[in-house]
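Asks: Mind having a look at this structure? Questions to follow.
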Amino acid sequence: MQTNAISAARLDGGPADSDKQAIPTTSVRVLYPDLHGVPRGKDVPIGEFDHAIEKGLCFCSAVMGTDLRHTPVRGGDEGYPDLLARPDLSTMKTLPWEPGVAVCLADLEPAEGGAPIADPRGAVRAAVAELQQLGLDPVVGPELEFFLVRRDPEAPNGIARRVDNLSMVYTVGPQADPDGLVRGMTEGMAELGLEVFAVNHEFMNSQYEINLRHADALTAADRAFLLKSSIKDIAAQNGLIATFMGKPFNDQGGSGTHLHLSLSRDGRNAFDAGGRDGAPDGVSDEFRHFAAGVLEHAAALMAFLNPTINAYRRIQPDSLAPTHANWGWDNRSTFIRVPPERGGSTRLELRVGDGAANPYLAIAAVLAAGADGIRRRLDPPEPVVGDAYRADPEHAGARLPGALEEALDALEGDGVLRAALGDQIVDTFLAVKRFEVERHRAWVSDWEIAEYLHHL
């Protein structure tokens, strides 16, 4: 592949816009997700990209075992070996908001002779392969929420909301997006090819939601990953911070990552009963088995769907985030909501995910849980009718973990998820997150100072 001074339009796989002069691509940003879902990578001058394609790019593999305060929790025992990132050319796209820069996702592998590595993108591929052995192809549609804020030394915690008015949900235009920044983000990501199809101000102040069209599982995870990194980059270019942290404010609710999931068999939605007798609700046995598998592994899934200490401040009654492992027909208070559409649109929505969830680990884990339900032909309990937060104990379902450490314990004991995601991901994730829990346990918070210092 000859990459010297090729045009951005060609790298994106399509013709140049006739209204714009083609801008030569001068750098390729090679990215991959760490276990937190944070983009890691290198910018490669275009003249060196052929070498990166041929040889790969080396990184210290301890990046996968490093916490968000920059402590390498794992990696030292192995001597901090390398991993290799090989550009996946099928993902290459140009960045509309950074002229001359293309982005390309990478496949990870151990350096020559090295031990297996944690690879979130590879985990999605493996989960898809397991379902394909059952003749099924997963289809995923992510919905991601985030807050747009700015630094302000006078505001609580030094962070102020950009739009700070109540009851702005579903409001569009300058009142919700004064300078059109969020609309511009959406247009840029549509140009990037992420198939963004809608954006709106969400329920909380300065909170937005961007919807991605459904796709095969790996494409959906790639799009969610790129959407998150793109939103944060564009916000930074404008002197703002976009955060997918689940609950950054005490006086507001939180941000979620909702996953719409279905399965395809021979090009047809396998969740649709297709008018079969005995299925008056319009959903198939595959749907019921898949949903039952997700519920069976709900406690362990919480570790990947809600991977931070902060995430569990969002899991409370009346938050539109579920508190128990249950399901219901078009019920936004349940763990699994079944939207009312049938036919080709039959699907389930998993509503518990935190905005900070790594889309690769979340999708891979949910697919593995659902596949287990299909293999074992599990059946779900009766659906919850009405307010799931106040359902009687017999029908409410098992209580979800109320803290990260509970979810980590459940994950450690879940052999199905360990087998599906692999020891490298699970053991590294557990080590990093337990280190995070212990740091938090030992930290004196502002709440404690305000509560105790004067009186005691």
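The values are calculated or read from the model by the stated rules, or taken from the named source; none is laboratory data. Worth saying up front: this structure is predicted, and the values here are computed from it rather than measured. Note that we place each Cβ from the backbone using ideal geometry, even for glycine, and neighbour counts take in every protein chain shown.
Asks: Restricting attention to the stretch 340-365, which residues are at pLDDT 95 or above, within 25 Å of M204 (Cα to Cα) and in a loop (DSSP other than H, G, I, E, B)?
Replies: Matches in the stretch 340-365: V352, G353, G355, A356, A357, N358.
Asks: Look at A368 and say whether it is in a helix (DSSP H, G or I), modelled with pLDDT of 95 or more and either under 26 Å from G76 (Cα atoms) or among the acidic types (D, E) (or both).
Replies: So A368 does not fit the description; no.
Asks: Moving on to the next point. Looking only at residues that are over 15 Å from E112 (Cβ atoms) and surrounded by 17 or more Cβ atoms within 10 Å (Cβ to Cβ) in the stretch 74-84, which one is modelled with the highest pLDDT?
Replies: By that ranking, first place goes to R74.
Asks: Which ones in the stretch 416-454 are outside any helix (DSSP H, G or I) and either in contact (Cβ under 8 Å) with a residue 40 or more places away in the chain or closer than 29 Å to V128 by Cβ (or both)?
Replies: G422
Asks: Hey, another quick one. State the number of residues belonging to the stretch 273-310 that are modelled with pLDDT under 95 and buried (at least 24 other Cβ atoms within 10 Å of the Cβ).
Replies: Final tally of qualifying residues: 0.
Asks: Okay, moving on. For the stretch 56-70: of the residues being under 23 Å from the mean Cα position of the chain (by Cα) and part of a loop (DSSP other than H, G, I, E, B), which is farthest from A118 (Cα to Cα)?
Replies: R69
Asks: Among the candidates L89, L108, single out the residue that is under 26 Å from G355 (Cβ atoms), touching a residue at least 24 places away in the same chain (Cβ under 8 Å) and under 23 Å from the mean Cα position of the chain (by Cα).
Replies: From the options L89, L108, the qualifying one is L108.
Asks: Can you find a residue in the stretch 311-320 that is surrounded by fewer than 18 Cβ atoms within 10 Å (Cβ to Cβ) and in contact with a strand residue (DSSP E or B) (Cβ under 9 Å, 6 or more places away or on another chain)?
Replies: yes
Asks: Right, another one. Looking only at residues that are in contact with a Pro (Cβ under 7 Å, 6 or more places away or on another chain) and part of a helix (DSSP H, G or I) in the stretch 178-222, which one is surrounded by the most Cβ atoms within 10 Å (Cβ to Cβ)?
Replies: A221
Asks: While we're on this one: Can you list residue pairs whose Cβ atoms sit under 6 Å apart, with the first residue in the stretch 359-375 being under 10 Å from L131 (Cβ atoms) and the second being part of a helix (DSSP H, G or I) and of a type in the set (A, V, I, L, M)? Count only pairs 6 or more apart in sequence or on different chains.
Replies: Qualifying pairs under 6 Å: L367/A127; A368/A127; A368/L417; A368/A420; G370/V294; A371/L131.
Asks: Still on this structure: Scan (1) in a loop (DSSP other than H, G, I, E, B); (2) out of contact with any Leu (no Cβ under 8 Å at 6 or more places or on another chain); (3) more than 29 Å from Q424 (Cα to Cα); (4) not charged (D, E, K, R) for the single condition P322 breaks and write down its number.
Replies: (2)
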